[in-house]
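Scroll down for the structure; my scribbles are underneath it.
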Amino acid sequence: MALKVLTQKFRDISWTVRDSMADNTTRKRIVKTSGIIVSALLAFMILIMLWWSNTPDRFNPVDNAQRMSKAQQQPFVTGYTSTATLITLAETLLDKPGGYLSNDVMPPSVWMDNIPNWEFGVLVQIRDFSRALRNDISRSQSQSLEDKDLAIAEPQFNFNSESWLFPPSEQEYRDGISALQSYRDRLSSSGEEEAQFYARADNLTGWLAIAEKRLGSLSQRLSASVGQVRVNTDLAGEPDAQQSTPTSGEVFSKTPWRQIDDVFFEARGTTWALIHLLKAVEHDFNEILRKKNALVSLRQIIRELEATQETVWSPIILNGSGFGLFANHSLVMASYISRANAAIIDLRDLLNRG
């Protein structure tokens, strides 16, 4: 009897050990399978992030406008190149690999910040040029009526860039593109006299003044990557000038280290868009630029900005000191932008002469 009880207990223990080993094996298989799935998903997302992180290639604004006019069977009139370039910039912002990422709330795009900052730089230039187009270039004088399509397009591009729902930013920008396309169609129609593009020196200098300020601000923010103490020149040149809040004679400016790459890629997006717009302007304002002997100056600005689009071989944006052992990508970018900014000032002065 005792032997039978011991045998039964031995069997129970054996089954218990066997079940335990089976459970451990099952757990190991589950953990291993889960690890493989998670690793595969992470690898896939990393590949997607690398693909989406590639900025779009540059295009030739004149060739692009000619292809567009041929496809739409429209005359290639003055202003067509600038309008077509603005449309293409906005479409590229929305239709590039990954689409528009600035308002995404899901991975992997929610983990990315370089391309959204690049997008914002492009968007600012779209906003600035559409505003200049609405307020100046499409109007013969200050009291003339604004174009009905541009009055729609300009505020659409100024919609919140990070709205993901009700409504999403993409939908508002699509509406802006549709309004620009309507303006382009009316501009190229011989029977439509209300849609105009006035290629005058004063219109060009007005937009260049906006671009000049954008580049000047970016140059300061990029230079502040290493921190700088600068003399406060806010009231320089005007002895009786005043400001609302007193400030010290010297100002310390430094970009937070987490925002250094953000500013860098915003600058890359700004200059990428500005290169295309300047090339389009070179074509549409060609006659006035030739008369002012300003074509060479404009081309030099484009040359300086094209240098900002060189490949960054480093996996991160380096922030070495000015004369230290490591590179400082922000200071290099600031150098090109400052030179372009100075050239725009000279170009505006040249265009303002009689």
Completion exercise
Simple spin-label estimate for residue 28/residue 185, 7 Å along Cα→Cβ, in nm, reads 6.9
Exercise for the section: Please give the peptides 141-150, 55-64, 342-351 ranked by average Cβ packing (other Cβ atoms within 10 Å per residue), highest first, as a rough proxy for protection. Expected result: 342-351, 55-64, 141-150
Handout entry: Carbon and sulfur %, accessible surface of the chain computed with the full protein complex present, 1.4 Å
Key = 55
Fill in the blank from the handout: Calculating P(r) over Cα pairs in 10 Å bins from 0, in percent from this structure picks out, from (i) 5, 20, 30, 27, 10, 4, 2, 1, 0, 0; (ii) 5, 19, 26, 21, 11, 5, 4, 3, 3, 2, 1, 0, 0; (iii) 5, 26, 36, 25, 7, 1, 0, entry (ii)
Problem - Max mean-square fluctuation residue, GNM over the chain, Cα-Cα springs under 10 Å, options 47, 289, 298 - result: 47
Exercise for the section: In a Gaussian network model over the chain where Cα atoms closer than 10 Å are linked, find which of 315, 97, 246 has the largest mean-square fluctuation. Expected result: 246
Handout entry: Principal-axis tilt of helix 169-187 within the chain, Cα atoms, nearest 10 degrees
Key = 30
Practice task
Considering only 302, 46, 37, give the residue with the highest GNM mean-square fluctuation for the chain, with springs between Cα atoms whenever their separation is below 10 Å.
Solution key: 37
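I want the local charge near residue 65. Using Cβ-Cβ distances under 15 Å, sum +1 for each Lys or Arg and -1 for each Asp or Glu among the other residues.
Charge balance in the 15 Å sphere: 0.
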Handout entry: Exposure ranking of 111, 272, 313 by accessible area [1.4 Å probe, largest first]
Key = 313, 111, 272
Exercise for the section: Would you tally the net charge around residue 186, using a Cβ to Cβ cut-off of less than 15 Å, leaving residue 186 out, and scoring K and R as +1, D and E as -1? Expected result: -3
Completion exercise
Ordering 283, 329, 276 by the accessible surface of their heavy atoms, 1.4 Å probe, largest first, yields 283, 329, 276
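The values are calculated or read from the model by the stated rules, or taken from the named source; none is laboratory data. Keep in mind it's a predicted model, so treat the numbers as computed, not measured. Heads up, the Cβs are rebuilt from the backbone with ideal geometry, glycines too, and the neighbour counts pull from every protein chain shown. Heavy atoms of the whole protein, side chains included, go into the accessibility calculation; ligands, DNA and RNA do not. Shrake-Rupley method; radii C 1.70, N 1.55, O 1.52, S 1.80 Å.
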